[in-house]
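Colleague: Would you mind keeping the following structure in view while I ask a few things?
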Amino acid sequence: MSLDRPPSVCVVGLGYIGLPTAALIARSGAPVVGVDVAPAVVDTVNSGRIHIEEIDLAGLVQGVVERGLLRAALAVEPADVFVIAVPTPLGANHVPDTSHILTAGRAIAPVLKPGDMVILESTSPVGTTEALRDLLARLRPDLRVPGHAGDGADIAIAYCPERVLPGRILVELIDNDRCIGGITPRCARKALTFYRRFVRGQCVTTTARTAEMVKLTENAFRDVNIAFANELSRVADTTGLDVWEVIRLANRHPRVNILQPGPGVGGHCIAVDPWFIVHGAPDDTPLIRAARAVNDGKTDHVIARATAMIEAHPGAGVACFGLAFKANIDDFRESPALKVATHVAARFGPRIHVVEPHIDALPAAFAGTGARLCDIDRALIDCALLIVLVDHDVFRSVPLDERADKIVYDTRGIWPDQPKRAEGTPALKLAG
Ligand code: SAJ
């Protein structure tokens, strides 16, 4: 890879991270081939369109495709830099599945040449980048790989995780600091030079193993913090306290920053990544395991309280507000809200009205339950019981006069002004 002309780049995996990353690299002037296993994804991108929902991504992709800087393909092509951004799901028994990374490595190996660089971005168990290095060494014994050949290596290999939030991906890919882990310091430096093409945040170099652990640490920390908030919400349920007020006031301490309770932890990151650490150190991670159990247990707790509330008001219409795994997005992966709503729909059927602004038909999980999808205005008219499962902005905006007489189970604390009933009457507003 020469320093004067832009490197040619091959991004393997055009998902939530790969496609925005490929588009930003292309916009920096480096020609990019984006590779994906799904022909529909390849066709969509080559037509200048996108297959995922992300703010500002459609215009960016259309622009770089029209300028001939981004092209999608089904097969890996020769390039100076290869970026692997493929899924790393959890397999059975919470065992990380890195098979997609190794498949990408096998696809890259035949087209590798001296001077090339391979960067792994997928969230990975510690040691995965070295395993990728060893795979490339086995497949290409003619190439000297880093860590096996001192600084005389023919190729560079690095690990650089992303830390973006859906809905802010393009902003955060540019502005967030990047932790860049090299198999050797020379690899890290070479990767840093590459990321400087489109990253404005601080680029900090370290070892590949450290960078792998940094990514897992960030998400495991968040999971433990959320678990603490969820445990506080259960204590509040038992003691009749308002957990939202307790956390809001505790966080006024200059060194306290407790996150928010919810109906559990969803998505394909926070609920998944902690298990990568547990898998690597099963006897040393009781806290991380416990946090996972608390967060998953919170969903069961919400199901039990919602069920009790519905049973205590026979015949009343019930509105479930939200199915997505977090606010203001349309992603339902591992969504605790979806688990709660489908559970009460299976139990109470036609009484259940689902309000989810990001869809126009109920997911298949509701088939046969009799539950219906309805808009927020209809739900506020037809339903006496409101269960808030997602903190979409549109739900926050419901004024008190439209819900003052409702019985509310607010698992997200979006309506702090919801009146509390005097002792002895059914709880008007359950804590979390
Ligand atoms: N949640 C709570 N309470 C909170 C915050 C979140 O219950 O106070 C829940 C959300 O409702 C959701 C889940 O946790 O169900 C995950 O939400 P999230 O806000 O953590 O969103 P993710 O998973 O999309 O993004 C996280 C981010 N990691 C950190 O903030 C440390 C993001 O920066 C990562 O890039 C992303 O994981 C990832 O891809 O790893």
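Each value in this text was obtained by applying a stated rule to the coordinates, not by laboratory testing. Owing to the predicted nature of the structure, the values given are computational and were not obtained by experimental measurement. In this analysis, Cβ positions are derived from the backbone assuming ideal geometry, glycine residues included, and neighbour counts consider all displayed protein chains.
Colleague: As a test, work out the antiparallel percent of DSSP beta bridges whose residues both lie in region 9-201, rounded to the nearest 5.
Modeller: Approximately 15 percent, going by the DSSP bridge assignments.
Colleague: Do any trypsin sites (Lys or Arg not before Pro) in region 188-239 lie in a DSSP loop with no more than 16 other beta carbon atoms within 10 Å, and if so, which?
Modeller: Taking region 188-239 and a limit of 16 other Cβ atoms within 10 Å, the loop trypsin sites (Lys or Arg not before Pro) found are R196, R197, R200.
Colleague: Any idea how far apart A149 and D242 come out in nm if each label point goes 7 Å out from Cα toward Cβ?
Modeller: Those two pseudo-labels are separated by 6.6 nm.
Colleague: Show the residues, 5+ positions off or on another chain, whose built amide H is closer than 5 Å to the amide H of R178.
Modeller: Q202, C203, V204
Colleague: Could you work out how far helix 185-195 tilts from the main Cα principal axis of the chain, as a 0 to 90 degree angle to the nearest 10?
Modeller: That helix lies at roughly 70 degrees to the long axis.
Colleague: Let me ask something additional. How tilted is helix 336-348 with respect to the longest principal axis of the chain? Cα atoms for both, answer in degrees (0 to 90, nearest 10).
Modeller: Here the helix axis deviates by roughly 40 degrees.
Colleague: Give me the angle, in degrees from 0 to 90, between the Cα long axis of helix 128-139 and the longest principal axis of the Cα atoms of the chain, rounded to the nearest 10.
Modeller: Orientation of helix 128-139: about 40 degrees from the principal axis.
Colleague: In whole Å and largest first, what semi-axes does the C-alpha gyration tensor of region 227-428 yield when each eigenvalue is scaled by 5 and square-rooted?
Modeller: Listed largest to smallest, the semi-axes of region 227-428 are 28, 22, 15 Å.
Colleague: If you don't mind, another one. Can you compute the helix-only [θ] at 222 nm over the chain? Use -39500 (n - 2.57) per DSSP H run of at least 4 residues, normalise by all residues, nearest 500 deg cm²/dmol.
Modeller: Working: 14 runs with 166 residues, N = 432.
Calculated at 222 nm, the ellipticity per residue is -12000 deg cm²/dmol.
Colleague: Residues with amide H under 5 Å of M117's amide H, sequence separation 5 or more or different chain, H placed in the peptide plane at 1.01 Å from N; which?
Modeller: Under 5 Å from the amide H of M117: V81, F82, A156.
Colleague: Determine, from the Cβ-Cβ distance of L249 and H94 and an R0 of 51 Å, the FRET efficiency 1/(1 + (r/R0)^6), rounded to the nearest 0.05.
Modeller: Result of the calculation: an efficiency of 0.90.
Colleague: Hand me the tally of lysine pairs in the chain: alpha carbons under 30 angstrom apart, and the pair either on different chains or 8 or more positions apart.
Modeller: Number of lysine pairs found: 21.
Colleague: Between region 1-66 and region 225-271, how far is it from one alpha carbon centroid to the other, in angstrom?
Modeller: Answer, in whole Å: 39.
Colleague: Could you pull out every residue, at least 5 positions away or on a different chain, whose amide H is within less than 5 Å of the one on V12? Hs are placed 1.01 Å off N in the peptide plane, and Pro or chain starts have none.
Modeller: For V12, whose amide H was placed from the backbone, the distant partners under 5 Å are V35, V83, I84, A85.
Colleague: Could you run the Debye sum over the Cα atoms of the chain, one equal point scatterer each and no solvent, and tell me log10 of I(q)/I(0) at q = 0.06, 0.07, 0.10 Å⁻¹, two decimals?
Modeller: Scattering profile of the chain, log10 relative to I(0): -0.30, -0.41, -0.77.
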